[in-house]
Amino acid sequence: MEPTAKSSDRMIVNMGPSHPVTHGTLHIVLELEGEIIVKATPNIGYLHRGVEKLGENLTYQQFIPLTDRLNYCSSLMNNVGYTVAVEKLLGIQDPPRSQVLRVLCSELARIGDHLVCIGINAVDIGAFTAFLYLFRERETIYDLFEMMAGQRLHSSFTRIGGLFRDIPPEFEPLCEQFLESCPRTVDEMESLLTHNPIWADRTKGVGAITPDNAINWGYTGPCLRAAGVPQDLRKAQPYLGYESYEFDIPVGTTGDIYDRYLVRTEEIRQSLRIVRQCLDRLRQIGPGPVIIEDYKIALPPKEKVYTRMESLIHHFKLIMHGIEMPVGEVYSATEAANGELGFYLVSHGAKSPYRIHVRPPCYPIFSSFEEQVRGRIIADAVSVLGGMNVIAGELDR
Amino acid sequence: MVIERIEAQLPGAILEHHAFRGDETIIVAGTRFLDVVDLIFGEGYQLLLDVTAVDLEAPDYRFEVVYHWLNLASQARLRIKVPVAEGAAQPSLVSRFKSADWAEREVFDLFGIPFEGHPNLTRLLMWEDFPGHPLRKDFPLDGGDLFCSQDIGASFAPEARSLNA
C-alpha cells in the first residue's frame, strides 16, 4: 500500500526496547499511517556484549561459556557448533560416543527452541493455551539438560575434543518418557493451532517471501525452508555423522508465518526420530570415552593429574599456555535451530584466536524485517517478529 | 574449479589462493572485486552468508574484509578476502545482496571500514556517538574506561566523528 498522507501526519510508535513481544531487548521504530506501517527501523545492539572482542583475549576453551549466551534458547547447540569449529581448525574428531551425545543434545535443544518459538509466537498473537502445553515439554528438556550438563540454561556442555562428561544413568528413562509424551503434546498443539481460523488469519500470507528473495536476504534454517528451499546442513553438508541418521527435511511453499510454523512443527517430529535413533545407538556403542585422550588438547582425568607427573605437566601446560593451535583460518557452520550458525576462526598460533567471528542465523533474517512488514498493519509486525524467532542474545553478540 | 574459471576470465584478479582444512580462500584486489563477484554470482554463489573483517595491523594493508559465500546447488563454499588500507573504502554489495546491508554496517561500525555505495552506512551495534571502533586491535579491551575518566578514550573520538559525518 502506498503512503498517501503527508509525512507529518505519521505517527511514530516505539516497539521496544522492552516490549512483551520483543522477547529480549530490541527496539523497532514504526512509522504509521493509521494502522498501516510505512516504515520500520530496527534499532539493535542493546544486548551487545562484545563477544568477538572478548574472544580475542580468551583461550579457545574459555570461549565456550560465551557461546551459551548467544542463542540462550538452545545453548547446547551453540556449544556444539563452536567446538566443531575449533576441532576443524585442529583437524581432530571427537570419539564416537561423544558424537552421538552431541547429536542427541543438539536435537533436544532444537526441539526446545522450536517449542519456545511456536509457543511464544502463539502467545503474542493471543493464543495463550498452546504455550502452556508446550512449556511443560520444554521443562522436561531442561531437566534432561540439567542431568547432562549440570545446568539448565547455560550448559557449557562441550569441550574441545569431546564432552565435559557422560550422561548419568537416570537420563535414559526420563528421555524415553519424553519421547512418549512429546509427540502427544505436539498433536495437542496442532489441534489447537493448525486448523484454528484466528491463527490462520493472523499468519497465512503474513511475511510471505519468494525463495530468491529469501536467499538474497541471507535466510537460512526454517525460514528459508518455509520458502521452499530444501537447505539443511545436516543433510547437505553432514557433520557429527548426521548422514547416518534417518530423518526428513520439511519444506514449505510460501514462506509465510504459517508455513514457518508448519515447518518447525514437523522438524520437532523429525528431531524426535533422531533422538530415538541416538538412544538406540548409545545402547549399541556401550560405555566409552566421551573426550579424546590427547592430553595436549583435552585435560587428563583428575586421578591421573594427582598421581602422575606427566599428567600434571599436561594439565599445567593446557591451563597456562592453552592448546597448540595451527596457523590458519576456518569457517565452520552447523545447522542450529534458527539456521546456519557459523564460526569464523583466524589463528596465528597463539593460545587465543586472532579473530573470532560469529555468524548468527537470525541476524540476516531480522535485517529483512522492514521489507516484511512495510504496508501491513501493526498486528502483523508482531506475528512476523515471532515467526523470525529473533533471539537478541545472538543478534547483538 | 571456480578458481580456474575466475583466473581464465579475469586474469590477474586473484592475488593468491589457498585451501586450509577444505576451505577454499581467494584473495582478490579491491579494484577487481566487483568483477569477481559478478562472475561467482553467475557460477551460483548466490547466498552471501557473512561479511566480516580482520585487523591485521599490517603496514600497507591494515584490514582484510572477508566474505563467505555458499553455492546452494553444489553446496560449495567460497571465502573471498580483500585487503583494504586504513581509511580506504570497499565497494558495497548491497545493490546485489540484501544480506550485505547489515553485515557491512556492522563492519563499518566495529572496524571503521567505509563501504562505498551503501545507502545507509550508519552504526548498528554501537550507539551513534560511540568513540572509536571496538574490534580494531588498538582499541583497548576495557573500552578505555570511557565512563570513569573523561580524557581516556578521547583519542579515538575525532576519528569516529570524521567517519560518522
Contact list please: Cβ distance under 6 Å, first residue in the stretch A:318-341 and more than 13 Å from chain B (Cβ to nearest Cβ), second residue surrounded by 24 or more Cβ atoms within 10 Å (Cβ to Cβ) and among the acidic types (Asp, Glu), pairs at least six apart or on different chains. A:Ala337/A:Asp113
Does any residue of the stretch B:141-156 turn out to be assigned to a loop (DSSP other than H, G, I, E, B), within 12 Å of chain A (Cβ to nearest Cβ) and modelled with pLDDT of 80 or more? no
Of the numbered conditions (1) in contact with an Asp or Glu (Cβ under 9 Å, 6 or more places away or on another chain); (2) crowded, with 16+ Cβ neighbours inside 10 Å, B:Phe33 fails exactly one; give the number of that condition. (1)
Please indicate, with yes or no, whether at least one residue in the stretch A:373-388 is closer than 24 Å to B:Arg136 by Cα and not hydroxyl-bearing (Ser, Thr, Tyr). no
Of all residues in the stretch A:362-385 being more than 10 Å from chain B (Cβ to nearest Cβ) and part of a loop (DSSP other than H, G, I, E, B), which is nearest to A:Val123 (Cα to Cα)? A:Arg376
For the stretch A:217-242, what are the residues that are out of contact with any Lys or Arg (no Cβ under 7 Å at 6 or more places or on another chain) and away from every other protein chain (no Cβ under 13 Å)? A:Gly241
Taking B:Val82 as meeting all but one of (1) surrounded by 22 or more Cβ atoms within 10 Å (Cβ to Cβ); (2) of a type outside the set (S, T, N, Q); (3) within 11 Å of chain A (Cβ to nearest Cβ), write down the number of the exception. (3)
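Conditions tested, residue by residue: (1) charged (D, E, K, R); (2) crowded, with 21+ Cβ neighbours inside 10 Å; (3) over 24 Å from B:Leu56 (Cα atoms).
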{"residue": "A:Pro301", "(1), (2), (3)": "no, no, yes"}
{"residue": "A:Lys304", "(1), (2), (3)": "yes, no, yes"}
{"residue": "A:Ile319", "(1), (2), (3)": "no, no, yes"}
{"residue": "A:Val330", "(1), (2), (3)": "no, yes, no"}
{"residue": "A:Phe343", "(1), (2), (3)": "no, yes, no"}
{"residue": "A:Ala381", "(1), (2), (3)": "no, yes, yes"}
{"residue": "A:Gly387", "(1), (2), (3)": "no, yes, yes"}
Scanning the stretch A:77-91 for residues that are more than 15 Å from A:Gly322 (Cα to Cα) and within 11 Å of another protein chain (Cβ to nearest Cβ), the one nearest to the chain's Cα centre (by Cα) turns out to be A:Ala85
Could you look through the stretch A:224-238, keep only residues that are out of contact with any helix residue (DSSP H, G or I) (no Cβ under 7 Å at 6 or more places or on another chain) and not in a loop (DSSP other than H, G, I, E, B), and pick out the one that is surrounded by the most Cβ atoms within 10 Å (Cβ to Cβ)? A:Leu233
Answer yes or no: is there a residue in the stretch A:30-46 that is in contact with an Asp or Glu (Cβ under 7 Å, 6 or more places away or on another chain), under 27 Å from B:Arg123 (Cβ atoms) and in a helix (DSSP H, G or I). no
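The values are calculated or read from the model by the stated rules, or taken from the named source; none is laboratory data. These numbers were taken from a predicted model, which means no experiment stands behind them. Cβ atoms come from the backbone with ideal geometry, glycine included; neighbour counts cover every protein chain shown.
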